[in-house]
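The values are calculated or read from the model by the stated rules, or taken from the named source; none is laboratory data. All values reported here derive from a predicted model rather than from experimental measurement. Cβ coordinates were reconstructed from backbone atoms using ideal geometry, including for glycine residues, and neighbour counts include every protein chain displayed.
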Amino acid sequence: MNWIAIRMLTGDAQKFYGLLFGIAFSTLLITQQLTVFVNLIERGASGVYNEPTADVWVMDEVSRTTDVNFPMPSTALEDVRGVSGVEWAVPHLRANASVRTSEGDLEGVTVIGVDDATLIGLPAQMTEGSADVLSRPDTVIIDDVGVGNLFEEGQSPIDVRLELNDQRAVIRGVADAIPSFTSQVTLYTKYSQALQYVPGTRNRLSFILASGADGVTPQQLADRIEAETGLRARTREQFARDGVDFIIENTGIPINFGITVVLGFIVGVAIVGLTFSLFIRDNIKQFGALKAIGVRNGKIRGMVATQACMVGLIGYALGLLGTVGFIWGNSGSSFFKGFYIPWQVPLISLVAMVIIITITGWLALRGVMKTEPAAVFR
Amino acid sequence: MSDAQPISATRSGSAAISARNISRDFQTGQDTIRVLHGIDLDVCPGELTYLVGESGSGKTTLISIMCGILWPTEGSVEVFGTDIYGLKDDDLVNFRLQNIGFIFQQYNLIPAIDAASNAAVPLIAQGMDRRKARAKAAEMLDALNIGDQADKLPNQLSGGQQQRVAIARALVHEPRLVVCDEPTAALDAKSGRRVMDLLRDVALAEGRSVIIVTHDNRIFDLADRILVLEDGRITHDGTDVPDDH
């Protein structure tokens, strides 16, 4: 009987494609929006992810994220180095500045000062040049997303001079970095150079990056630093999570994306529910005839369930493919750099589809179950 | 309306259907309307029985009760010795599937499957493999002279051909009782006559009982027995219709 159910469904091409469209559109909307949402809020942790070596980030007790920080006195570095179990600790500066390009454009940038001696604080990969260029005076390394923001497509940023807070800066390398939440241009330079570029108050040290000796876990190290220095110390994972939480708590993004996801769900229920009800209504006489002939209610339920599952699975797959195509198609764009589809997102949209199919299938089935076999004689 | 008195349409000997004291009420808002009034009726095997009467006389209600798709308010129905309304729901559905063939006025064929597959529906519902069921249904279509239309969809067939597919569907699982609702209503006189000749030839074979609800006086001459229903009561039982019909 399931074969008959499938033929009934596919035989009505308009409604069949309407159902597929409804499910696919709904899946696409939910999956795509959730994917963008997850990737966007994860950028709140990009500052942490871009620095691959530190186990623990140490900061003033009021600092919250890589971008929301309060500088510490430079003596804090020695305090941290004096904590037992600290293998190494280096200074890390993050501050905002303005650059004027040779074309005269003004752009807000983030300046990151990495340790002069070890260059700890730089991203792991370079797309152009090498980290060694930082040994040359007035050198900055730009992040690859920043290249897209500051320069025309195809224009090389290498050896381009910038006016960075009224001082000369020359781009001599491009780092492969995860963009920040605001996709602001990021310039990496040595810590000592960064102090020159970014005027500030007496205290200039944004963070101290530290790593533990063998046998000391990041959490143990963070606990010891907090206990012995009174500073705030977060493990890499904790600080990444802090960045994500900050965006969730302080922006309207979760609400906006949430609304779109809910709308996707409602549109799915509406389109699929309406089309499926019309389909069932058009076939109600055939279902009535089947009941009169002697097809049990259980088999009728199975037929409707087969029809619902078929449109659900195909529509879901199409919607998912659409999302993959969307992410893949935009992978060249700096905004979508590094975007991926977390496994939880297709699972959530699958659950949403199952709910849509269950609701609409149940509503449609009610009509069939209410039909008395005797109705075919009327 | 005639002044005819209600009669008992029972027969002696073994009956295919034996209905006793059948009444049926319908609720319309606050009112209860009784559409059948204590009908006694036997239908014998091997007979082509017509149930005739004006619209609203209760024909459709009576035939629905006799074939197990509408519960009577009062009374009992035995079909081939089985008290069908004493069966559990699933058993009654299964009883219909095994023993009764249906021909509907509007055919109610499934538009998306071809003629042979439509005719095979009862066999598929019984659990037969789809290919075997379709092959058997194609043989039935052959017997009804539309074997060459087996691969066509219902909308590619004429009204008469669709009705033959419906007849094939009613007979393919070899039921002992065939119930037809206005089988010629949607057909022209020639096609209707042809379908009825065919139905009489094929359906009545092997001692099957055939009950036909009809208004169509063009086919009254083919009946073995004609029952007239008026206001929910049988008022005539004979081989022809009374003059006032």
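Only residues that are part of a loop (DSSP other than H, G, I, E, B) and among the charged types (D, E, K, R): list them for the stretch A:151-181, please.
The initial filter retains those residues of the stretch A:151-181 that are part of a loop (DSSP other than H, G, I, E, B), namely A:151-160, A:165-166, A:177-181.
A:Glu152, A:Glu153, A:Asp159, A:Asp166, listed by residue number.
The set of residues in the stretch B:124-134 being surrounded by 15 or more Cβ atoms within 10 Å (Cβ to Cβ) and either at pLDDT below 90 or more than 9 Å from chain A (Cβ to nearest Cβ) (or both) consists of B:Met128, B:Ala133, B:Arg134. Screening A:Ile341 with (1) surrounded by fewer than 22 Cβ atoms within 10 Å (Cβ to Cβ); (2) free of Cβ contacts under 8 Å to residues at least 40 places away in the same chain; (3) of a type in the set (A, V, I, L, M, F, W, C) gives one miss only, at (2). Among the residues of the stretch B:111-123, those that are within 7 Å of chain A (Cβ to nearest Cβ) and either closer than 19 Å to B:Thr184 by Cα or buried (at least 24 other Cβ atoms within 10 Å of the Cβ) (or both) comprise B:Val121, B:Pro122.
A:Leu77 - would you say it is closer than 26 Å to A:Gly338 by Cβ and in the same structural domain as A:Gln167 (by TED's automatic domain parsing)? Here the answer is no, as A:Leu77 does not meet what is asked. Residue selection: A:Phe339 fails the criterion of being more than 14 Å from chain B (Cβ to nearest Cβ), of a type in the set (Phe, Trp, Tyr) and closer than 28 Å to A:Ala13 by Cβ.
Here the stretch B:30-69 is the region considered, the condition is being within 14 Å of another protein chain (Cβ to nearest Cβ) and among the β-branched types (Val, Ile, Thr), and the residue that is nearest to the chain's Cα centre (by Cα) is B:Ile63.
Each residue in the stretch B:104-122 was checked for being of a type in the set (S, T, N, Q) and at pLDDT 90 or above, and 2 pass.
Of the numbered criteria (1) touching a residue at least 40 places away in the same chain (Cβ under 8 Å); (2) over 30 Å from A:Leu164 (Cα atoms), the one A:Ala210 fails is (2). Residues in the stretch A:6-57 that are closer than 22 Å to A:Ala175 by Cα and among the aromatic types (Phe, Trp, Tyr): 2 in all. Looking only at residues of the stretch A:1-42 that are small (Gly, Ala, Ser) and away from every other protein chain (no Cβ under 14 Å), we find that the one that is surrounded by the most Cβ atoms within 10 Å (Cβ to Cβ) is A:Ser26.
Within the stretch B:181-202, the set of residues being among the hydrophobic types (A, V, I, L, M, F, W, C) and either out of contact with any helix residue (DSSP H, G or I) (no Cβ under 7 Å at 6 or more places or on another chain) or surrounded by fewer than 22 Cβ atoms within 10 Å (Cβ to Cβ) (or both) comprises B:Ala185, B:Ala186, B:Leu187, B:Ala189, B:Leu198, B:Val202.
Taking the conditions (1) within 24 Å of A:Thr275 (Cβ to Cβ); (2) within 13 Å of chain B (Cβ to nearest Cβ); (3) not small (Gly, Ala, Ser) in turn, A:Pro373 satisfies each one other than (1).
Tell me which residues, restricted to the stretch A:284-299, are in contact (Cβ under 8 Å) with a residue 24 or more places away in the chain and in contact with a helix residue (DSSP H, G or I) (Cβ under 6 Å, 6 or more places away or on another chain). Within the stretch A:284-299, A:Phe287, A:Gly288, A:Ala289, A:Lys291, A:Ala292, A:Val295 meet the criteria.
Within the stretch B:75-109, which residues are assigned to a helix (DSSP H, G or I), out of contact with any Leu (no Cβ under 7 Å at 6 or more places or on another chain) and facing chain A (nearest Cβ under 10 Å)?
Taking the stretch B:75-109 as the starting set, the residues that turn out to be assigned to a helix (DSSP H, G or I) are B:84-86, B:89-99.
Add one more test, that the residue is out of contact with any Leu (no Cβ under 7 Å at 6 or more places or on another chain), and what stays is B:85-86, B:89-94, B:96-98.
B:Asp89, B:Asp90, B:Leu92, B:Val93, B:Asn94, B:Arg96, B:Leu97, B:Gln98 - these are the residues of the stretch B:75-109 that are assigned to a helix (DSSP H, G or I), out of contact with any Leu (no Cβ under 7 Å at 6 or more places or on another chain) and facing chain A (nearest Cβ under 10 Å).
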